[in-house]
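The values are calculated or read from the model by the stated rules, or taken from the named source; none is laboratory data. The model shown is predicted, which means the values in this text are computed figures rather than measured ones. We place every Cβ from the backbone using ideal geometry, glycine too, and count neighbours over all the protein chains shown.
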Amino acid sequence: MIKYKVQPKPRWAWWQCAGFAWNGVVYLDNGLLAEYIQYRQNGLVLTPTVAHEIRHLDQQHQDGLLTFTWRYFTSKKWRLKYEQEAYEAQMRAVAEESTLHKLTDFIAQDVAHSLASPLYRNMISYADALTWARQVKNRINAGEAIA
């Protein structure tokens, strides 16, 4: 895993969602930052949101910052690929923190709702996002490693 820092979201990023990752830093709004601090105080490593954003940092490192940025903002196909990888990391973090290390269908529905939302410019239908999220949930619950 690459090195990263967690910092409060800067004021200039008012247009960004509650959390985003850029060039080795995970920026979180006050609510997510408080959640992250609480997780750390309880001995947990990552919040699901931070796991999601760290996957984006990995993608930036793997593809190069400029290539990642270009693809993310200009290609529906690449943005969907990047977000699906990040949501899978988020779902794995949720499973790791649960007492049974299993995901419920509610988690798959929540992820599908987010992935199919206007935040991502409706790049995938809810039905397709739900099918994908349920497949990931089933793989995680079966104990499969990250693809």
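Pull up the range 45-67, narrow it to residues that are free of Cβ contacts under 8 Å to residues at least 12 places away in the same chain and in a helix (DSSP H, G or I), then point me to the one that is surrounded by the most Cβ atoms within 10 Å (Cβ to Cβ).
Asp63
Go over the candidates Ala86, Ala34 one by one and state the one that is under 25 Å from Lys5 (Cα atoms), assigned to a helix (DSSP H, G or I) and touching a His at 6+ places or on another chain (Cβ under 6 Å). If you could, list the steps in order and put the result at the bottom.
Details: Ala34 fails: touching a His at 6+ places or on another chain (Cβ under 6 Å).
From the options Ala86, Ala34, the qualifying one is Ala86.
Answer yes if at least one residue in the range 89-96 is more than 14 Å from the chain's Cα centre (by Cα), surrounded by 14 or more Cβ atoms within 10 Å (Cβ to Cβ) and not assigned by TED's automatic domain parsing to the domain that holds Arg40, and no otherwise.
So far as the range 89-96 goes, yes, one or more of its residues are more than 14 Å from the chain's Cα centre (by Cα), surrounded by 14 or more Cβ atoms within 10 Å (Cβ to Cβ) and not assigned by TED's automatic domain parsing to the domain that holds Arg40.
Does Lys77 count as basic (Lys, Arg), closer than 21 Å to Asn23 by Cβ and touching a Lys or Arg at 6+ places or on another chain (Cβ under 9 Å)?
No; evaluated as a whole, the condition is false for this residue.
Report, by residue number, each residue of the range 68-77 that is of a type in the set (A, V, I, L, M, F, W, C) and either modelled with pLDDT of 90 or more or not in a helix (DSSP H, G or I) (or both).
Phe68, Trp70
If the requirement is being at pLDDT 95 or above, over 13 Å from Val136 (Cβ atoms) and either out of contact with any Asp or Glu (no Cβ under 7 Å at 6 or more places or on another chain) or in the same structural domain as Asn23 (by TED's automatic domain parsing) (or both), which of these qualifies: Leu80, Leu100, Leu57, Leu65?
Of Leu80, Leu100, Leu57, Leu65, the one residue that is at pLDDT 95 or above, over 13 Å from Val136 (Cβ atoms) and either out of contact with any Asp or Glu (no Cβ under 7 Å at 6 or more places or on another chain) or in the same structural domain as Asn23 (by TED's automatic domain parsing) (or both) is Leu80.
For a quick check of your reading of the model, give me the residue pairs whose first member lies in the range 120-138 and is under 12 Å from Glu83 (Cβ atoms), whose second is of a type in the set (Gly, Ala, Ser) and outside any helix (DSSP H, G or I), with beta-carbon atoms closer than 6 Å and at least 6 apart or on different chains.
Pairs that qualify, where the first residue is under 12 Å from Glu83 (Cβ atoms) and the partner is of a type in the set (Gly, Ala, Ser) and outside any helix (DSSP H, G or I), are Ile124/Ala116; Ala129/Ala116.
Condition check ((1) of a type outside the set (Phe, Trp, Tyr); (2) farther than 17 Å from Val111 by Cβ; (3) in contact with a Pro (Cβ under 8 Å, 6 or more places away or on another chain)) across all residues:
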position	(1), (2), (3)
Leu28	yes, yes, yes
Glu53	yes, no, no
Gln59	yes, yes, no
Leu66	yes, yes, no
Trp70	no, yes, no
Glu83	yes, no, no
